[in-house]
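Worksheet: the structure to be examined is printed underneath.
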DNA sequence: TTGTAGGCGTTATCAA
DNA sequence: TTGATAACGCCTACAA
């Protein structure tokens, strides 16, 4: 029972040499194999249910057909949207995606890149904002560098700090614009659910928003918490123990959703009692009530852009592709309730 | 510039043979390499930044460390929840997950299993309900069978129709219970958004629900559409052109969300004007208003169970692991509005 | 156009 | 315990 049929078997079955069988089966370069022979080989291959061994091909060719993708969490709509973009772009290139999830653990992230290096992935794409942590940054810069020196490409979706090609999202521009728009709607006081203090994406968004809002004469309160739905929930509950805010800006949508739940549980109505805004415009946001004001990010396209970058001609210096978002003012921030 | 350092380099650097270096680096079986030598090798390895070549190991060992996972859509919370369970269970076993998304294309699904076969994945897990399509079923049965005959394992999450180990979800039990519970709350008429007519999961849920509801004396209308949010949206809009239902049951949550949007756009309030129920209890449902009645499924655990099954001792006959769900009655189905 | 043979990086068998 | 050496399945000069 030849459960493991090799190219050799196919060659024998077709009555040709291994080399000819190999050439027939992948029409490598200029197809220099006679048509009838080619057909004979292909017939033998299907007859025997031959399946090429990609690991052997990888060894012989010195390159796999695998793309490594590292995200924080696959159930987070932010990451799954980017991942789906990567997968679409990878499929176009005939690549297979090896996906790994870090649960935001920096050490694990490094390990995973090493693992992907071991797997001889053609390229690895790391998705997610960096932390303000020199040790972690150095460690990532290091593994990515080694991987690149081994002849592969790396792309980061996040802050361009790791000496690699990067797709970077403009957080400050839209955050600033959002602050202006919301102030323009009449809000004077805001509490910013700012996420972790060392989280660069969170910091950029919170900082830009707060600066702009203050500059317009508004007052800004800042509450830190985790970058998750529960983080948003917890932060808003803590704030509510002190006072009722006029407007809440969460640095991402999932936090905003947590905040929405917290506000509702406290008997407050959004937007009647409190305005609420987020960031990212994740999928599924359309189904929450009220429609959340946010910053729309082309997440799927970001995944595609990252993949394109990974397979662009190698450049001497790290490239940075900037992508921006657009403010989406929606029902959750109609403006503050007029003096009641 | 030895950008490609091999075990040979390490052996030379450490002054030992290739074989010894190999043994030192993975303490294979009973570690039979002298401690000082082992350390010398390890030191050389790190000094040279040696990274084992997984493709070469796979060839030599005849087995990779890869788990293939095939889903319909990675951005769908149903699939990403199961996928995250698989990834957690895979990581525990030191495996890497190669993820592929089919966009519900049956041919593509077969191709992907073939691709994973080529990659010599240890096992492949296919997630998603089957269609009533003999050709497609036969094709999948076939590829999976070949893959298994090559010495690997396969697991399907869905209907146990492919001659493979299967984690199957009990749709009829909870759907029946849901019908009873809703009828118990006073609903007499329901429209079932039944999804595609040939979609087995959809059919099981819709069928069991409708049967039970009718048996209790209720009337049931059935509307078919795609299995997606848009499908739910479209179906409910179509129904609304004819009449206003008392209760809507969508065979999955994303369809229910689409329906909710459709109802709301039509100026109807859920649950005031219309009751609404779904199925799956996907992540994020907690953030929609009103809280949706649904059937809770342990999606993450289903992913874990599928992986456990994939790595259980091989059995002569296909195994079937049944998992069930529990009805979660929530605010979207308080009972019909009393005569107004 | 086809065949021969060497090599890809590791593991594993078998002596030493 | 360690060291040669033959696989593993395929690709690819190079030769025929």
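The values are calculated or read from the model by the stated rules, or taken from the named source; none is laboratory data. Predicted model, so just to flag it, every value in this text is computed and none were measured. Glycine also receives a Cβ, built like all others from the backbone with ideal geometry; neighbour counts cover every protein chain displayed.
Things to note:
- Candidate set: segment A:3-16, residues that are away from every other protein chain (no Cβ under 14 Å) and within 8 Å of DNA strand D (Cβ to nearest atom); chosen: the one nearest to residue A:36 (Cα to Cα): A:10
- Residue check for residue B:204: closer than 30 Å to residue B:314 by Cβ, touching a helix residue (DSSP H, G or I) at 6+ places or on another chain (Cβ under 8 Å) and in the same structural domain as residue B:272 (by TED's automatic domain parsing): yes
- The lone criterion from (1) more than 8 Å from DNA strand D (Cβ to nearest atom); (2) buried (at least 19 other Cβ atoms within 10 Å of the Cβ) left unmet by residue A:34 is number (2).
- Test for residue A:195: is it buried (at least 24 other Cβ atoms within 10 Å of the Cβ), in contact with a strand residue (DSSP E or B) (Cβ under 8 Å, 6 or more places away or on another chain), without any contact (Cβ under 8 Å) to a residue 40 or more places away in the chain and outside the structural domain of residue A:103 (by TED's automatic domain parsing): no
- Members of segment A:146-169 found to be assigned to a loop (DSSP other than H, G, I, E, B) and either farther than 17 Å from residue A:82 by Cβ or in contact with a strand residue (DSSP E or B) (Cβ under 6 Å, 6 or more places away or on another chain) (or both), listed by number: A:150, A:151, A:152, A:160, A:161, A:162, A:163, A:164
- Filter result (in contact with a helix residue (DSSP H, G or I) (Cβ under 7 Å, 6 or more places away or on another chain) and in a loop (DSSP other than H, G, I, E, B)) within segment A:295-340: A:319, A:324, A:325, A:329, A:333
Matching residues to (1) touching a strand residue (DSSP E or B) at 6+ places or on another chain (Cβ under 7 Å); (2) within 9 Å of chain A (Cβ to nearest Cβ); (3) surrounded by 23 or more Cβ atoms within 10 Å (Cβ to Cβ); (4) assigned to a helix (DSSP H, G or I):
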residue: B:38; (1), (2), (3), (4): no, no, no, yes
residue: B:45; (1), (2), (3), (4): no, no, no, yes
residue: B:51; (1), (2), (3), (4): no, yes, no, no
residue: B:67; (1), (2), (3), (4): yes, no, yes, no
residue: B:89; (1), (2), (3), (4): no, no, yes, yes
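- Scanning segment B:49-66 for residues that are on the phi > 0 side of the Ramachandran plot and more than 9 Å from DNA strand D (Cβ to nearest atom) yields one hit, B:49.
- Checked against (1) surrounded by fewer than 22 Cβ atoms within 10 Å (Cβ to Cβ); (2) touching a helix residue (DSSP H, G or I) at 6+ places or on another chain (Cβ under 9 Å), residue A:62 passes all but condition (2).
- Selection status of residue A:95, under 20 Å from residue A:152 (Cβ atoms) and facing chain B (nearest Cβ under 8 Å): no
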